[in-house]
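The values are calculated or read from the model by the stated rules, or taken from the named source; none is laboratory data. Quick caveat, the model's predicted, so the values are computed rather than measured. Quick reminder, even Gly has a Cβ in these numbers, built from the backbone with ideal geometry, and neighbours come from all protein chains shown.
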Amino acid sequence: MLIGKHSAIMLHMVLATITQCAILCSVTPSPNAADAWRDFSKQIEGMELGVNFPQGIQGPWTAACQAQYEALAPLIAQVREISAMQHCDWELDYSEGPMMLMPQFQTTRTGMYLTLFSIQGDIENGNVESAMDGLHSIVEISGHHNSGDTIISSLVSASIFASAGDELAVDLVDQVQDPAQLDELLQTVTSLSVNDPFGIRKSVGAEGDMMFEWLDSPSFDEAIFGDSGVSEFSQSDLDSYGEAMVSMAKIFQIENREEALVALDAWDLKIDRGEFGMLAKLLAPAGLPMLETAFTSEERVAAFKQLLQDKIEMVRSPNAAMYFLKAVDSYNAIDVEEREKMFAVGDFSVLEEPLSLFAKACSMPVTQITLSNLPATPRWVAPLYSLALNCLEKGSPEDTNTVIAFIRHMSMQKRFAASIVAGKLFEMLPWQSMGYQDFAYIPSADAFSLHSSFQSDKERLKETFEVDNTWDPSKANVLAMTCTIAKEGGIADENLDAWRTLIDAIGIPDDDAVIVAILEEWMPESLPLIALDQEPTFNAMLKVMQTRLATHLKSKRVNSRPTGR
């Protein structure tokens, strides 16, 4: 009986606690991000005269940018806090139709710009984790306009999502090694609808209904049309307008791009001919840019979602790419002077961790180290090349085998600089004492994949510069441009010593004045027209790489054949 009494008391307490929690949950609403944005707007109104807010991503990061980044840190933190609020209700009065006020766009636009600026600052200061948080904030801010029923809200939502740019997003994700942070962002992206992530398709029908009700309301004043030629309209005109918008809404539900564009073209023609009446001709929105944005947005969200999934799989599944990137981070963290001092006396202990990771990566099947399709020479090429040189300097048979495996990895990365690194390292090997099987997995028909990797880099540049297929710069110019983009983007600064070693090895400048000018002035058409002083020597180096590999392979193949009587 005593046990039963105590059990009853405990049960009563538990039920009371649950009831209290239920009451609190029911009466405590989620914080409204719209209210927080309004407060933020009032806060910055008094600051704008004395504060020059950055307009997103800047050009070169200067001392002034750094000072502004530090000064705006509290506001940036505030924007990120607001963006994390999931509930956002702008409490719009749809009965006002197109006269409805939407001041929120300017406020969230300022928040977007501050966040983009903060992402750049985080990257420049080596804080990739914070930069990823900023990217997450951009996605969340886009969601704060996603619940509206107006076309403009959905387009603003899509615009904010795209504001970070596909290249920046890919480059950032490529550097992250924390699966939890990637998972969190993936969950937010996954919450967006697959077929209509920003509500553009849905908003066409919703806005049509809103406009129809506004036109049919007693408070509507026809004077708003001014001298448009529509001084008054009948119920028939109103019905025709409603029919036009219903027809448009159906077109926006078509999932096939070409089919939707054909249907919209026919709809536009009917509007122009006045088949839906003057009211529809006056008020119907321009459908083509909206439809293109709808499809482009869906593709962008799907691609970003796939990128996150691929990266999560990469960091959770042991593979060569993961270990190579860890080796790079470990190597870059070592003090250069300390490293050189220890090397001078033959002490390689300072490299124990990065070399162990490097060897582990080399022993695994080949994988693409980067998911990024940016044209810049990747951040890992220079440090990994220096690590390979350190391996050769150690000189043990195991180290030599590691470098042979590394040559295979670099030959398969579809990056011109990586293929050249493979060729340079091959020349340093004690190949005379090695057998044919040591070279069996190194691409030979296209030596070190030099030609195909050059083509890959050229295609990346073509996509970036948006030039046609007639654009055909030389190998030297393509490599110079990819290295210049990397240097201008701060990749060289991550390990300047390793970067200089790489540039010396490939024999192509990363600071040629003409190449820099072409990049800064965005004149890609000029790249095929110039000839670098280093080009003849560079081409000769590539030829030697190709010839030596073919010669060595032929020699080893002949010597490996069994002899018979």
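The table for this structure:
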| read-out | value |
| --- | --- |
| From the options 497, 504, 468, residue that is without any contact (Cβ under 8 Å) to a residue 12 or more places away in the chain, in a helix (DSSP H, G or I) and in the same structural domain as residue 404 (by the TED database) | 504 |
| Filter pass, residue 163 being touching a Leu at 6+ places or on another chain (Cβ under 7 Å) and of a type in the set (Ser, Thr, Tyr) | yes |
| Any hit, the range 500-512, residues being over 30 Å from residue 327 (Cβ atoms) and at pLDDT 90 or above | yes |
| Helices (runs of 4 or more DSSP H) wholly inside the range 236-333 that include at least 1 residues being modelled with pLDDT of 95 or more and outside the structural domain of residue 179 (by the TED database) | 257-273, 287-316, 320-332 |
| Test: residue in the range 309-323 that is in contact with a His (Cβ under 7 Å, 6 or more places away or on another chain) and either surrounded by 19 or more Cβ atoms within 10 Å (Cβ to Cβ) or of a type in the set (Ser, Thr, Tyr) (or both) | yes |
| Residue match in the range 440-455 (condition: out of contact with any helix residue (DSSP H, G or I) (no Cβ under 6 Å at 6 or more places or on another chain), modelled with pLDDT of 90 or more, assigned to a helix (DSSP H, G or I) and farther than 25 Å from residue 533 by Cβ) | yes |
| Looking only at the range 88-123, and only at residues there that are modelled with pLDDT under 90 and surrounded by 17 or more Cβ atoms within 10 Å (Cβ to Cβ), the one that is nearest to residue 40 (Cα to Cα) | 104 |
| Every residue from the range 144-170 that is polar (S, T, N, Q), modelled with pLDDT under 90 and surrounded by fewer than 19 Cβ atoms within 10 Å (Cβ to Cβ) | 147 |
| Unique match (being outside any loop (DSSP other than H, G, I, E, B), in contact with a Ser or Thr (Cβ under 8 Å, 6 or more places away or on another chain), within 23 Å of residue 490 (Cα to Cα) and modelled with pLDDT of 90 or more) among 418, 422 | 418 |
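Condition check ((1) aromatic (Phe, Trp, Tyr); (2) in contact (Cβ under 8 Å) with a residue 40 or more places away in the chain; (3) more than 30 Å from residue 152 (Cβ to Cβ)) across all residues:
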position: 290; (1), (2), (3): no, yes, no
position: 294; (1), (2), (3): no, yes, no
position: 299; (1), (2), (3): no, no, no
position: 321; (1), (2), (3): no, yes, yes
position: 325; (1), (2), (3): no, yes, yes
